[in-house]
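Following: one structure in structure tokens, then a few remarks.
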Amino acid sequence: MKNENNKKENKILKYFSRNKHNILVIIMILVIILSVVTYKKYLNEKVTYTVVNGYVEKTTESLAAILKNETIVDINTNEVAMPIVEENKRVSKGQTIAVYKNAQYDEYLKSLDEIDKQIQTLIVDLPNTYSTDVSAIDLEIAKLSKQALKETSYIKMQEYKSKIDELAYRKIIILGEHSPDGSKVRELIEQREQIEKNGNITSDTSNILATVSGIATYKIDGLEKEININDVLGYDAKKLDNIISKYQSNSTSNFGIKVVDNFHAYILIKEKISENDKYIKIGNKYEIRFNEKNKNNIVAELVKIEKDEEYNYTIFELNNEIEDLIDFRISNAEVVWEKVEGMAVPKVAIKTDEIGGYSYVTLVYGTQYVNVPIKIVLESDNICIVENLTNEEKEKIGVDTSFILEMYDKLVIE
């Protein structure tokens, strides 16, 4: 009996000796599994997230072409035309927008200059704070005048002139507000205003009139007749792509006089066909954000969609708010195709039920953790806007719970 027991012990020892490595590996795996289970159940620290109100957008970076109704005002190219309406200001049909530089016009400028010099000599008698305000404007005028001397572009020179004229007008306003009735300064200011108002320094032959109402601009790039505003909605994808190509490649900027209709224009967007197509619907209004500085966001109605094999060409109609876009042919823009606001939850907090396949979050309810089924309305790379399931939706997936997700609830994120 003793011999048989010894034989069994020897066999066991030999077995362990031969399989020592495998047995150690198995023991190590069991220890790791036990450690992971213990950590997950008892030691794993739970990170929480507070549900807040947020939003998710579906946007695309695109090229935007501004399709405008432009009317070129014919001028005599053998004479020098001098704008008398500041660029990007509104004009009415029949209004004098510019004059030809002639002896009569030179006399007009000379008259204004003489009055300005007389006013300048009189302001030394005004209160210090008042004369300081005027001096600040004079310094700015001097600075702009110095910069203008370096310019060779006639268009740029006209832009400087408009800025200087605006400052000079502000100066006159200040002088008028602080000068007493009957004073010499007030008398000279009234003379100056009368000269400008009457406009009798120009003859009928020197007047250049606006032929339509709109925004005055003095830059001609040769693309003014590239489109017919009344035919835009009939253009196919090939024509629209051709317009964008011409707008992109053109860099011409010459002096000329034109009036842009500020009550009717289109924005043409070219973008690649993508998953955002499901949000693009004629008749909906969308926000368009221009990347140029000082450009306001525009909300416009989508009125036409054209497609080719690779791109969408969408056309938005504008009936106002185009003043900031007067001088733009093409620009980078971001179109917001969909925007949803609501309960914002990180993607990492959302889990999928292995059996039912529905989404849920784990809610901290007192000392308990409760799973709450939810539906994802719109998602970005990191955030989802979610809603609670309706009773019918819960019943359909076989979930029976009265718990719902609310703003400021705390969710578990492991």
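Only the coordinates and a few stated rules stand behind these numbers; no lab work does. Because the structure is predicted, anything quoted here is derived from the model rather than measured. All Cβ positions, even for glycine, are placed from backbone atoms using ideal geometry, and neighbour counts span all protein chains on display.
Under a 5 Å amide H cut-off, with hydrogens placed 1.01 Å from N, residue 84 pairs with 98, 99 among residues at least 5 apart or on other chains. Sites listed here are trypsin sites (Lys or Arg not before Pro) in segment 323-414 whose DSSP assignment is loop and whose Cβ has at most 15 other Cβ atoms within 10 Å, and the list is empty. Kirkwood hydrodynamic radius of segment 233-284, from the reciprocal of the average inverse Cα-Cα distance over all distinct pairs: 14.4 Å.
Summing Cβ point charges (Lys, Arg +1; Asp, Glu -1) relative to the Cα centre of segment 226-266 gives a dipole of roughly 120 debye.
The residues 307, 68, 246, 117, when put in order of fewest to most other Cβ atoms within 10 Å, stand as 117, 307, 246, 68. Were the residues from residue 289 through residue 339 laid out at 0.36 nm apart, the gain over their Cα-Cα distance would be 16.6 nm. Length available on full extension from residue 106 to residue 137: 0.36 nm per residue minus the Cα-Cα distance, which gives 8.7 nm. With only Cα atoms counted, segment 255-414 has Rg and Dmax values of 22.4, 76 Å. The distance between label points at residue 29 and residue 321 comes to 6.5 nm (points 7 Å beyond Cα on the Cα→Cβ vector). For segment 268-414, a simple Cβ point-charge model (Lys and Arg +1, Asp and Glu -1, everything else neutral) yields a dipole of about 120 debye relative to the Cα centre. Going from the residue with the fewest nearby Cβ atoms within 10 Å to the one with the most, 310, 70, 414 rank 310, 414, 70.
Given R0 = 41 Å, the distance between the Cβ atoms of residue 86 and residue 242 translates into a calculated FRET efficiency of 0.75. Give the separation of the Cα centroids, segment 250-308 to segment 332-382, in Å. Spelled out, the Cα-based centre of one part sits 33 Å from the other. The fewest-to-most ranking of 277, 74 by surrounding Cβ atoms within 10 Å reads 74, 277. Between residue 279 and residue 53, the modelled labels are 2.0 nm apart [label points 7 Å from Cα along Cα→Cβ].
Considering only 217, 259, 227, the residue lying farthest towards the positive end of the dipole of segment 184-280 is 217, judged by Cα position with unit charges set on Cβ. At full extension, residue 354 and residue 371 could sit 4.8 nm farther apart than now, given 0.36 nm per residue minus the alpha carbon distance.
For segment 323-381, the alpha-carbon radius of gyration amounts to 1.92 times the rule-of-thumb value 2.2 N^0.38 Å expected for a compact globular protein.
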